[in-house]
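Just so it is clear, none of the values below were taken in a lab; they were calculated from the coordinates. From a predicted model like this one, the values you see are computed outputs, not experimental measurements. Here the Cβ is made from the backbone with ideal geometry for all residues, glycine too, and neighbour counts use every protein chain on show.
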Amino acid sequence: MTSTTAVQIVEKVGGLYVLNSDALNEILKHEDVLNKKIAVLTVAGAFRKGKSFFLSNIVRFLQSKQNGDDWMAPACPIYGFAWRQSANPITEGILIWPHPLIVKNERDEEVAILLMDTEGAFDHKSSMTQCATIFALSALLSSILVYNVSQDVQEDTLNHL
């Protein structure tokens with residue numbers, strides 16, 4: 001895989017979410033993943049709050065850690081998950097970064113990190129059931145789930161979980 005964009009593994013089709021098992025299998029059968037422990041880091045939360053931008057910075061950080069580069073260097077571009085300043089949602093369904101990022105754990109074992117981005121919740125197109133489905137899928141698939149909140153955690157934010 002030579003893609004530098006995220007791969008959609010769950011897409012919305014007619015109001016339902018459909019797994020793209022071929023795309024998921026291609027990522028899971030990547031030579032960097034085979035015979036390694038896997039950790040899935042997911043960012044979930046409301047739409048247009050910076051989830052994809054945050055994940056793109058994680059891609060940048062982990063890749064620079066592998067390469068020995070300064071991840072904050074101005075010459076180090078931010079790429080990865082699609083993001084832009086806009087009022088309209090960009091991410092639909094669930095996407096995974098196609099290149100496993102290899103790190104060593106505290107036991108000096110290699111772990112393949114898979115980064116997963118989710119459709120933002122509470123937009124004008126999605127029902128509460130659809131938002132709950134995406135959150136539930138991401139929670140079930142994740143080793144680490146980051147619930148992104150752009151400001152203070154409000155009671156209604158917690159009620160929607």
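Worth a mention:
- Nonlocal amide H pairs with residue 148, under 5 Å, H built at 1.01 Å: 44, 45
- For residue 36 and residue 132, a Förster radius of 45 Å and the Cβ-Cβ distance give a FRET efficiency of 0.90, rounded to the nearest 0.05.
- Sum of side-chain charges, residue 101 neighbourhood, beta-carbon under 9 Å (Lys, Arg +1; Asp, Glu -1): 0
- Legend: ranking of residues 29, 12, 36, 125 from fewest to most surrounding C-beta atoms inside 10 Å; resulting order 29, 125, 36, 12.
- Fully extended contour minus Cα-Cα distance, from residue 67 to residue 4, at 0.36 nm per residue: 21.0 nm
- Contour excess over end-to-end distance, with Cα ends at residue 140 and residue 103 and 0.36 nm allotted per residue: 11.1 nm
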